[in-house]
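Q: I have a structure I would like to understand better, so I am pasting it below and will then ask my questions one at a time.
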Amino acid sequence: MYKLKHILIIDDDQINSLFSQIILEDADVSSLVSTCQSVPEALDFLRAAETMEETPFPDLILLDISMPSMDGFDFLDRYYALGYNARHKTFISMFTSYDEQDLLQRARKYEVVVGFITKPLSIPTLNSILALQDSTRAENNLP
């Protein structure tokens, strides 16, 4: 497993976001961890990351499903509409507080989604997500 350049957390729950950030920093799996608290904020952040050299586009996005006004699936729809999936090798794992099979089915239409994370993030779950990301990169011959 290699060290990622940038992980972005998109979650309106500030406590979960901070806890996830601490787990990621303690695990030392990424050079940079950023957070956004809403879909519009995250889309603005990604737009800026594409144009600013000092902030690399995220390798991995940890995306909350349930957020007010615009949810994780709204983010995915816009992510695809803006063509980020075609221009970047970013993978997305989705945070959930509950286990619903219909969400798993709905997420399967987005090939960038690699797994679900039941809140809160843990080291074993993080390792599992990173292993899924590695195997998906290898299967698709991605750097």
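Q: Tell me, please, whether a residue that is among the aliphatic types (A, V, I, L, M) and over 18 Å from THR125 (Cβ atoms) can be found in the stretch 21-33.
A: Yes, the stretch 21-33 contains a residue that is among the aliphatic types (A, V, I, L, M) and over 18 Å from THR125 (Cβ atoms).
Q: Can you tell me how many residues within the stretch 79-112 are under 18 Å from LEU18 (Cα atoms) and exposed (fewer than 14 other Cβ atoms within 10 Å of the Cβ)?
A: 1
Q: If you take the residues of the stretch 20-48 that are closer than 16 Å to SER93 by Cα and either in contact (Cβ under 8 Å) with a residue 60 or more places away in the chain or touching a Cys at 6+ places or on another chain (Cβ under 9 Å) (or both), which of them is surrounded by the fewest Cβ atoms within 10 Å (Cβ to Cβ)?
A: Checking each candidate, the answer is ILE23.
Q: A follow-up question, please. Looking only at the stretch 49-75, filter to residues that are more than 21 Å from LYS119 (Cβ to Cβ) and of a type in the set (D, E, K, R); which one of those is modelled with the lowest pLDDT? Lay out the reasoning, then the answer.
A: Quick first cut of the stretch 49-75, residues more than 21 Å from LYS119 (Cβ to Cβ) only: 49-57, 59.
Now restrict to residues that are of a type in the set (D, E, K, R): 50, 53-54, 59.
Numbers: GLU50: 93, GLU53: 81, GLU54: 84, ASP59: 95.
Per the criteria, the residue is GLU53.
Q: Here's a follow-up. Yes or no: the stretch 82-92 includes at least one residue that is under 14 Å from the mean Cα position of the chain (by Cα), farther than 19 Å from ASP134 by Cα and touching a residue at least 40 places away in the same chain (Cβ under 8 Å).
A: no
Q: Within the stretch 49-69, which residues are surrounded by 13 or more Cβ atoms within 10 Å (Cβ to Cβ) and of a type in the set (S, T, N, Q)?
A: Selection gives THR55, SER66.
Q: Here's a follow-up. In the stretch 113-135, what residues are over 15 Å from PHE19 (Cα atoms), hydrophobic (A, V, I, L, M, F, W, C) and either surrounded by fewer than 14 Cβ atoms within 10 Å (Cβ to Cβ) or free of Cβ contacts under 8 Å to residues at least 12 places away in the same chain (or both)?
A: ALA131
The values are calculated or read from the model by the stated rules, or taken from the named source; none is laboratory data. The structure presented is a predicted model; accordingly, all values stated were derived computationally and were not measured. All Cβ positions, even for glycine, are placed from backbone atoms using ideal geometry, and neighbour counts span all protein chains on display.
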